[in-house]
Amino acid sequence: MTIVAEQVVEAAPVASAVTMEAALNRALADALRDDDRVLVFGEDVAKLGGVFRVTDGLAATFGPARVFDTPLAEAGIVGTAIGMAMNGLRPVIEMQFDAFAYPAFEQITSHLAKLHNRTKGKIALPIVIRIPYGGGIGGVEHHCDSSEAYYTHTAGLRVVTPGTAGDAYALLRQAIDCPDPVIFLEPKRRYWSKEAVTLDHTGSTVDGAVIRRTGTDVTLITYGGTLGTALEAAQEADRSVEVIDLRSLSPFDDKTVAASVRRTGRAVVVHEASRFCGYGAEVAARLTEQCFHYLHAPILRVAGFDIPYPAPNLEEHHLPSVDRILDTIDRLQWEDS
Amino acid sequence: MLANLHVDVRGHRPAELAGIDDRRIAGDHALALQAFHSGITTGTGDVYALGQRPHRQPPLDLQLRQQPQINVVESDRLSSRTGRRVSFGSHNSRAYEPQFVFVYACLPTLDVLRSHAQTGGYSSFRRSERLVTTSLLPTESPVALIDADGQPVPDALWSMPSDEVLVALHRAIVLARRFDAQATALTKQGRLAVYPSARGQEASEIGAALALRPQDWLFPTYRDSMAVVARGVDPVEVLTLLLRGDWHCGYDPYEHLVAPQCTPLATNTLHAVGVGHAATLKGEDTVALVMLGDGATSEGDTHEALNFAGVWKAPVVFFVQNNGYAISVPLAQQTAAPSLAAKGIGYGVPAMLIDGNDPAAVYRAVSVAIARAAAGDGPTLIEAVTYRIEAHTNADDATRYRPAEEVRQWLARDPLTRLTRYLTDRGLLDADRIAALDAEAEAEAAALRQRMNVDAVLDPADLFRYVYAEQTPELRAQQQELAEESR
């Protein structure tokens with residue numbers, strides 16, 4: 001991302017163990033405090049504080065003109081946010097669950113993504129759509145989709161997803177400051193993951209991918225919900241595994257990722273979305289184009305199967321596991337090197 | 001009973017004031033009483049009222065001890081004609097004169113009453129919640145002020161716009177019709193990729209556009225080029241970009257507060273609600289008027305927009321031009337509702353059904369709706385009944401789905417003919433003036449032709465410039481790729 005960060009006016013926040021959920025809440029509160037054009041609205045975000053409590057307490061602090069519940073209609077939420085942004089506000093809106101954002105798909109792809117281009121930059125839409133996404137929490141159907149590829153395939157949108165509490169704070173602050181529309185994907189199963197971190201968004205560290213763990217033999221490329229699984233696999237592997245957390249899915253940070261793959265010569269993309277035409281396909285294709293002569297093996301993918309998201313009692317078979325990642329690493333034609 | 005109106009009755013419930021059973025008051029009767037109640041008394045027994053439309057309820061028996069003097073307050077200008085009896089505009093109410101006085105008030109009436117109450121220093125107008133239901137309903141047939149023959153409609157719901165407004169409407173309609181014909185001609189010559197004509201809909205296009213205040217937003221569709229041009233956007237900018245195919249939208253939406261012409265149906269209704277609600281949140285006096293067609297009312301976004309606007313009381317006017325067909329599908333296959341305006345009640349949005357070929361009615365209805373919105377009373381749904389004389393676009397063949405006789409019937413209801421006749425009858429227009437106007441329209445069309453014959457220089461690099469606020473490295477690379485290709 002090339003989002004310009006604003007100066008933090010408050011005193012430096014204290015480093016303490018926070019959950020991703022709390023970090024997101026803080027980011028929203030700080031953004032509401034720092035910029036009175038920022039609004040938070042959606043279904044159940046005000047009084048209830050959101051079904052995941054990410055917006056807890058915001059309505060009480062900032063009042064009903066800044067944080068409010070809407071009628072239950074996702075196209076309505078996105079469509080009215082577009083109008084509000086046209087009229088100078090900066091809406092941060094919530095889609096309650098991944099699959100519940102689909103009614104808003106036309107507003108997102110036909111207008112949110114295109115109005116800036118349609119008007120040669122006259123209309124800017126600084127809107128953030130927060131979408132809790134992905135599975136791993138025992139959710140029922142329509143509550144566990146990994147819908148990132150729909151958005152990354154749409155020009156005009158930025159798509160980001162944090163893997164840690166610290167990134168959640170920084171990414172959300174920068175997304176709110178961004179002049180472009182941002183699809184902000186929150187990995188549900190990492191909401192309660194804790195990190196001892198200073199919540200800060202002034203650095204430039206979230207502008208692209210980050211190397212979470214260094215290694216020399218193989219690069220694991222992942223993001224969001226599977227970051228924890230990938231790190232665990234790297235820990236258990238009997239080879240030296242580098243782990244990259246993409247954070248920004250669109251635009252893609254070619255520089256960081258390609259440099260790593262050129263170093264290690266092997267790469268595996270890990271995500272829980274289905275494999276066919278999934279985000280990993282683009283990553284593998286790009287890296288093949290950019291790093292072909294450095295590669296010792298084809299780039300492999302560990303992804304969800306090409307099936308509708310399974311019922312909760314079967315989801316463990318679908319989600320990329322540590323074992324599946326380790327098995328895949330083993331298939332990287334080590335015999336040739 | 002109504003003699004009580006001699007005194008200041010503010011602070012009392014209308015039922016108390018009328019001395020009748022509260023439960024018997026319903027609908028417009030109660031509205032009328034509420035109107036009396038809200039400071040419409042002048043201290044001399046006068047009753048100010050405007051807008052008379054009996055609803056479905058039978059008249060309420062309110063015997064007067066004495067016949068009050070009635071002032072009819074005329075529209076937003078608040079001129080009054082003392083001594084004239086309230087005119088009910090309906091056959092069944094006349095029977096009750098002079099023994100009874102009923103003031104049938106529908107929503108626009110209340111707006112006028114409110115504005116009168118405000119300018120007259122009266123207490124603010126209140127509407128009790130239980131009265132809302134009937135006040136949301138549109139009339140059963142379209143309201144007109146000037147009929148198809150150019151004659152003023154007797155006992156019309158609203159007063160006629162001023163002469164100045166009518167003359168301005170006439171001029172803009174003449175220019176719009178010529179512009180539309182020129183655009184159609186340019187399409188036939190291959191200078192435009194496509195042009196959806198609005199011929200026959202000029203009263204709706206121009207009446208709505210001219211009723212907007214400078215600070216109001218217009219959200220047009222692809223068929224509303226007339227309204228966009230009437231709002232001040234350069235016709236060349238309208239035609240070259242979307243319709244010639246040079247770019248999707250070329251004008252600056254903020255210059256005249258005109259959103260890009262929307263091609264997907266009804267999606268812009270939500271944008272209008274957003275702009276309007278943002279204005280409310282920011283404390284701005286801005287109303288958003290969104291145009292849509294009969295077909296678009298079937299889209300989910302229309303439903304969501306009306307619902308959001310109703311809940312938020314957003315300052316929005318939903319202006320539906322019911323031109324009879326969604327490309328080829330007639331209205332009967334689009335909805336089972338008694339009218340498109342009737343849909344408003346489901347969202348708590350008051351509605352008006354108007355003759356969309358009567359420029360005076362369109363102008364007045366939109367003005368009333370804008371005044372309501374600006375006063376903080378929320379959205380209005382207007383259905384303007386009109387007809388698309390041309391095919392859907394130049395690529396369409398309308399003879400496949402509608403009979404020529406139907407088109408002829410609608411040509412007889414032409415908006416320009418009727419307004420011309422009305423103004424001519426009143427000495428506001430003569431042959432010389434008409435000839436001068438035609439010459440002006442002809443000159444504008446010629447200038448447009450000439451400017452349209454100049455091909456724009458298109459820069460393919462523009463394809464990559466506006467996708468994001470700041471170009472991404474990927475798009476920079478792709479722009480370079482294309483540049484090398486064209487070398």
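Would you work out if region A:182-281 is rounded, prolate or oblate? Take a ≥ b ≥ c from the square roots of the eigenvalues of the alpha-carbon gyration tensor; rounded if a/c is under 1.5, else prolate when a/b is larger than b/c, oblate otherwise. Because its axes are fairly even, with a/c under 1.5, region A:182-281 counts as rounded. Tell me the GluC sites (Glu not before Pro) within region B:392-487 that lie in a loop according to DSSP and have at most 13 other beta-carbon atoms within 10 Å. Those that pass, being in a loop and sparsely packed, are B:Glu470.
Provide the gained length on full extension for the span B:Ala185 to B:Lys282, in nm with one decimal, where the gain is 0.36 nm per separating residue minus the Cα-Cα distance. Before the final figure, lay out the partial values.
On the way: separation 97, 0.36 × 97 = 34.92 nm, distance 4.46 nm.
Net length gain for the segment: 30.5 nm.
Listed by chain and number, the lysines placed with their C-alpha closer than 17 angstrom to that of B:Lys282 are B:Lys313; residues fewer than eight positions away on the same chain are left out.
Give the Kirkwood hydrodynamic radius (Å, one decimal) of chain A, defined as one over the mean of 1/r across all pairs of different Cα atoms. With all distinct Cα pairs of chain A included, I get 20.2 Å. For the pair region A:91-132 / region B:257-307, the C-alpha centres are spaced 16 Å from each other. A simple spin-label model places pseudo-atoms 7 Å from Cα toward Cβ; at B:Glu164 and A:Ser16 they are separated by 6.6 nm.
Using a 10 Å cut-off around each Cβ of peptide B:263-274, what is the average number of partner chain Cβ atoms that fall inside? The partial results should precede the final answer.
Working: counts 2, 4, 0, 3, 8, 4, 4, 13, 13, 4, 6, 14.
What the average comes to for B:263-274 is 6.
The distance linking region B:350-380 with region A:240-292 is 57 Å (Cα centroid to Cα centroid, whole angstrom).
For region A:16-206, compute the number of Lys pairs whose alpha carbons are separated by less than 30 Å, excluding pairs fewer than 8 positions apart on the same chain. Walk me through the intermediate numbers first.
Working: A:Lys47/A:Lys188; A:Lys47/A:Lys194; A:Lys114/A:Lys122; A:Lys114/A:Lys188.
Pairs that pass both the separation and distance tests number 4.
The numbers here are math on the coordinates, done by the rules we state, and not lab data. Predicted, not measured: the structure shown is a model, and the values here were computed from it. For neighbour counting, all protein chains shown are included, and Cβ atoms are generated from backbone atoms with ideal geometry for every residue, glycine included.
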